[in-house]
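A.B. asks: Following this message is one structure expressed as structure tokens.
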Amino acid sequence: MYTPRPYQLDCLAALAKAREDGVKKGLVVMASGLGKTLTAAFDIRQFLKSQPNARILVLCHQEEILLQSKQKFRKVFGEEYSYGLYTGNYKTRHAVSFLFVTFQTMRNHREEFPNDAFAYILVDEAHHTSAETYQPTVDYFVPQFLLGLTATKERMDGQNILDTYERVLYEMDIYDGWSQDWLARVDYRIMLDDLRQEEFEKYVGPQASGEKVSLSQLNRTIFAPQRDEDIVKSIREQLSDLENPSVFVFCSSIDHAKNMAYHFGGEAAVIHSSQSSALNEVILSEFRAGNLSVVISVNILNEGIDVPETDAVVFLRSTESSTVFFQQLGRGLRTGATKRAVRVLDYAANLERISTILEMEETAKKRLLPVPTSSVSPKPDPLIVNIPATKFRVERIELERLFEQIRSGRGWTDEELIAAYGSKCEELGRAPWGFEIDADPKMASSVTYTQRFHGLKTLADHFGYDDHGNHYISSKKIAASILRKAEELGRVPTLDDMKNDPTMPGITVIYARFNTWNEALLYCNLEVNVRKLSKDEVVQRLRQLSKGGIMPSGREIDDDKMLPCSETIRNMFGSFKHAAEAAGLTYVPRTQKIQKGQIAKARKMTNEEIKEGIKRLNRQLERRPSKVDIESCDWLPSYAACRRRFGSAEQMYKDCLGE
């Protein structure tokens, strides 16, 4: 049974007082790692004391987060209540006490429910609410109380979520969490192996030109791409003093993530939103159990997933969004039974990020002053920023000096920013989008404009433009850009095509409008592009898909959008066995079915393990698993293999489920 922490009790008191005062909706803001979901569960528990038969709706944008929330609610409320899922993969049709629903599914099914069906509605990761595909769902329902949970009130598109939730009822930020020892201390290492020293010296030291420059412009000039194998080697060196570390790695694309996993070897696995929720959950379960050392994520572990065992977080993707950055950092802030610190390795090559970290360090020092009593041992610093080896003595000093120069004498004045913005309006005949500002070397970054003028809408209005697309880029405008890129390339563009073109919307903006890249392509009526691959390219891809050196199964190959179908590969090499040999992988025949849940190696499951697997599937489905359910389950052998172990299907269900 969970017990509320002191600050959670303060939050519960604030929520109860708000309802007593007639407040119908509100927002709770808590830094990642402080237990927002459990706090909401405790509040619902006190709400149900006066209305024990009330139905509760939990909304979120990701199925993985809902699955985790459902498990927590079961532990808080027990089996006297009923629970259901309503997502792309699960459809609980009967009435339950707690219904966990993705926004994407409810968008098309909300009118199947009366608008007053739920007395209490909880929106997890509530900063997503303002998305044009999510807001109508929140507007449709009329609960007695609406609560939003988030680690940040800020959205990447500048919209204000308080338009929906009206007021913040309780707030506890990262510095509050550190001051009360509820969050892990951070050893933050800025990895500058990719710094172009000659380019860097053009802006600092005696040879500096003194020309006006923005941080985004510097990013394009002073960093050089690093090779994946060199990064993996560096990660191993930086974590060599930790015993069996558990590591989260954030990548910007699925291809990059899979290539990184290949270089890590069998100790790593990739999770992403285009992969089944079941497989993602299996990988996370293996990670939690210590059977997997490295999880590489693409746009899926940014928020909401609790894995307190994490010892290290690695950034291989850059983002100008402070929202995304703090969410990713939060994956390592949760404390555990023995964990009190997390190591962060930042290879993101983004000066805005470095500036943010140095400012965080300064803020932590100001807000978390040492206790002035000699009898009390001073607390260790919650955030230590370091640049390994000699770079700490040289580059950090120069970077801080460069940031100061940009902010002061060589910074942009308001008049210069406005003049440059006006020139861009004249050039385009409309207000520019944020990514168009970032692509123009004569302008400061869009972040600078947003911070200085509290959003780009102010400037667009100043110059008489209603169409301030940079304040909020709609799905239609993003689709127009994707289609324009497709016409330019003569094929369906990839995420890398978009990322490498500064005139295209940023990847974070695309994901803010669409849950996945595939959804964006479907919105544009474009098909996923699969070109004809050579044998060498197929071999490389098979290696990327392999887990622990095992040849991918036919189903895994057919599910991969970059490979031709399994039958084509069989014909290309003569057999699956020959394809495995060409890729240097171990081929396991279908009769020796690989258990996807065992990432490190393929092994035969015991009867007890199969029994636990079927019980787990039964709990997840909330009914007896069918043959199709077992066949499609990632952590079980085939239905026939399960049946043979127990003698018959009837005996299998009897032994496993007590029927």
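The values are calculated or read from the model by the stated rules, or taken from the named source; none is laboratory data. Quick caveat, the model's predicted, so the values are computed rather than measured. We place every Cβ from the backbone using ideal geometry, glycine too, and count neighbours over all the protein chains shown.
A.B. asks: Does L351 satisfy being crowded, with 17+ Cβ neighbours inside 10 Å, over 14 Å from Y188 (Cβ atoms) and either without any contact (Cβ under 8 Å) to a residue 40 or more places away in the chain or among the hydrophobic types (A, V, I, L, M, F, W, C) (or both)?
C.D. replies: When the stated conditions are applied, L351 passes them.
A.B. asks: Sticking with this structure for a sec: Return the residue satisfying two criteria in turn: it lies in the stretch 247-258 and is crowded, with 18+ Cβ neighbours inside 10 Å and at pLDDT below 90, and of such residues it is nearest to L333 (Cα to Cα).
C.D. replies: Here the answer is F250.
A.B. asks: Which residue out of V58, V101 is under 29 Å from the mean Cα position of the chain (by Cα) and within 19 Å of V28 (Cβ to Cβ)?
C.D. replies: When all the criteria are applied, what remains is V58.
A.B. asks: Examine the stretch 449-468 for a residue that is part of a loop (DSSP other than H, G, I, E, B), at pLDDT below 75 and among the acidic types (D, E), and state whether such a residue exists.
C.D. replies: Yes; the residues of the stretch 449-468 include at least one that is part of a loop (DSSP other than H, G, I, E, B), at pLDDT below 75 and among the acidic types (D, E).
A.B. asks: Taking the stretch 139-185 as the search range and keeping residues that are under 29 Å from T458 (Cβ atoms) and among the basic types (K, R), which one is modelled with the highest pLDDT?
C.D. replies: Per the criteria, the residue is R167.
A.B. asks: Same structure again: For residues that are of a type in the set (K, R) and buried (at least 21 other Cβ atoms within 10 Å of the Cβ), tally how many sit in the stretch 10-50.
C.D. replies: Residues that pass the stated criteria total 1.
A.B. asks: Go through the stretch 98-132 and give me each residue that's polar (S, T, N, Q) and either surrounded by fewer than 18 Cβ atoms within 10 Å (Cβ to Cβ) or out of contact with any strand residue (DSSP E or B) (no Cβ under 8 Å at 6 or more places or on another chain) (or both).
C.D. replies: Passing the criteria: Q104, N108, N115, S130.
One line per residue, one yes/no per condition, for (1) surrounded by 13 or more Cβ atoms within 10 Å (Cβ to Cβ); (2) modelled with pLDDT under 80:
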position	(1), (2)
E581	yes, no
R590	no, yes
E609	yes, no
S638	yes, yes
E659	no, yes
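A.B. asks: Test of understanding: among S32, S69, which residue is under 27 Å from G332 (Cα atoms) and assigned to a loop (DSSP other than H, G, I, E, B)?
C.D. replies: The unique qualifying residue is S32.
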